[in-house]
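Coordinate-derived values only; no laboratory data. The structure presented is a predicted model; accordingly, all values stated were derived computationally and were not measured. Note that each Cβ is placed from the backbone with ideal geometry, even for glycine, and that neighbours are counted across all protein chains shown.
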Amino acid sequence: MTTDRTEAFSDGVFAIAATLLILNVHLPSFDQGDVGRQLLNSWPAYLTYAISFLQIGIVWVNHHHLLELIGRVDRGLMFLNLLLLVFIGFVPFPTGLVALAFQAGRYESLACIAYGVLMAAMGAAFLMIWAYLARHSDLLKHAFSDGQIRQFMLRTIAGSAAYLTSAAISIVSPAASLAGFVLIALYYVRPVAELEAEAATR
């Protein structure tokens with residue numbers, strides 16, 4: 001099958017997940033007075049919205065590039081893609097949890113661990129897709145060597161490990177954990193897959 005319907009459905013899930021993030025940002029209550037202070041005290045909601053939107057956006061870009069490398073999909077690949085989308089759709093929940101924890105000043109570490117585990121699971125789903133493509137290379141538009149595919153997989157494993165490490169850091173410093181999540185996401189702005197795709201089409 002072509003990738004058209006897979007890409008369209010995936011884009012819809014990404015768009016909905018990114019849109020739902022804003023539900024964690026609440027309007028101030030005019031009945032409680034000092035609206036300015038209420039807005040300032042809501043900084044965790046603004047910060048987590050920005051972090052998660054960045055995460056989803058970068059994953060969407062990488063997912064788009066991944067589909068650009070794929071010429072067609074089969075049932076196995078479609079189900080693995082659905083697994084990835086399960087985690088994408090779940091992102092608003094730990095995002096709200098982190099915002100709530102930082103606003104309350106309690107359970108920040110627990111919230112960051114939940115967030116990091118979800119991101120690591122997302123990476124694991126990407127890893128499963130690459131492992132599947134390694135066994136079904138006929139689905140790819142261009143031939144990749146075993147070494148190149150291994151490089152993609154190792155990079156994905158490193159990302160999941162980094163997310164778990166950053167989550168563990170929250171036990172000592174939740175703020176440092178959030179900063180780690182941002183740095184890990186930025187690491188994937190320019191994926192190896194994109195570089196290889198450009199080289200393959202020259």
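Can you tell me, using C-alpha contacts under 8 Å and at least 6 residues apart, the relative contact order of region 97-197 as a whole percent?
For region 97-197, the relative contact order is 33 percent.
Of the options 168, 27, 105, report the single residue whose Cα projects farthest towards the positive end of the charge dipole of the chain (beta-carbon charges: Lys, Arg +1; Asp, Glu -1).
In the chain, that residue is 168.
Contact order normalised by length for region 24-149, with contacts defined as Cα pairs under 8 Å and 6 or more residues apart; what percent is it?
30 percent
For every helix of n ≥ 4 consecutive DSSP H residues, a contribution of -39,500 (n - 2.57) applies; sum these over the chain, divide by its total residues, and give [θ] at 222 nm rounded to the nearest 500 deg cm²/dmol.
About -26000 deg cm²/dmol.
Measure nothing fancy, just the Cα-based angle from helix 174-187's long axis to the longest principal axis of the chain, in degrees from 0 to 90, nearest 10.
30 degrees
In whole angstrom, note down how far apart the Cα centers of region 124-174 and region 48-86 are.
Cα centres, region 124-174 to region 48-86: 13 Å.
Ranked by Cβ crowding within 10 angstrom, fewest neighbours first, how are 59, 13, 35 ordered?
In increasing order of surrounding Cβ atoms, one gets 35, 13, 59.
Report, in debye and to the nearest 20, how large the dipole of region 4-200 comes out about its Cα centre when Lys and Arg carry +1 and Asp and Glu carry -1 on their Cβ. Don't jump to the answer; show the numbers that get you there.
Working: 10 positive and 13 negative charges, 65 e Å.
Here the size comes out at about 320 debye.
Where does each of 168-179, 132-143 land if you order them by average Cβ count within 10 Å, highest first?
So the peptides 168-179, 132-143, ranked by packing, come out 168-179, 132-143.
By how many degrees, between 0 and 90 and to the nearest 10, does the Cα long axis of helix 92-104 differ from the longest principal axis of the chain?
Between helix and principal axis, roughly 30 degrees.
What is the helix-to-structure angle for 108-135, meaning the angle in degrees between its Cα long axis and the longest Cα principal axis of the chain, kept from 0 to 90 and rounded to the nearest 10?
10 degrees
Consider the candidate values (1) 41, 18, 17; (2) 33, 17, 13; (3) 35, 18, 13; state which one is semi-axes √(5λ) of the Cα gyration tensor in Å computed from the structure displayed.
Here the calculated entry is (3).
Could you calculate the contour length gain from residue 157 to residue 136, that is, 0.36 nm times the residue separation minus the distance between their Cα atoms, to one decimal place in nm? Walk me through the numbers before you get to the answer.
Numbers: separation 21, 0.36 × 21 = 7.56 nm, distance 2.00 nm.
Result for the pair: 5.6 nm of gain on full extension.
Starting from the amide H of residue 70, placed 1.01 Å from N in the peptide plane, find each other amide H under 5 Å away whose residue is 5 or more places distant or on another chain.
For residue 70, the qualifying residues are 141.
Starting with the highest mean, order 153-162, 74-83 by the number of other Cβ atoms within 10 Å, averaged over the residues of each peptide.
153-162, 74-83
Subtract the Cα-Cα distance of residue 5 and residue 171 from 0.36 nm times their separation in residues, and report this length gain in nm to one decimal.
Roughly 55.5 nm would be gained on extension.
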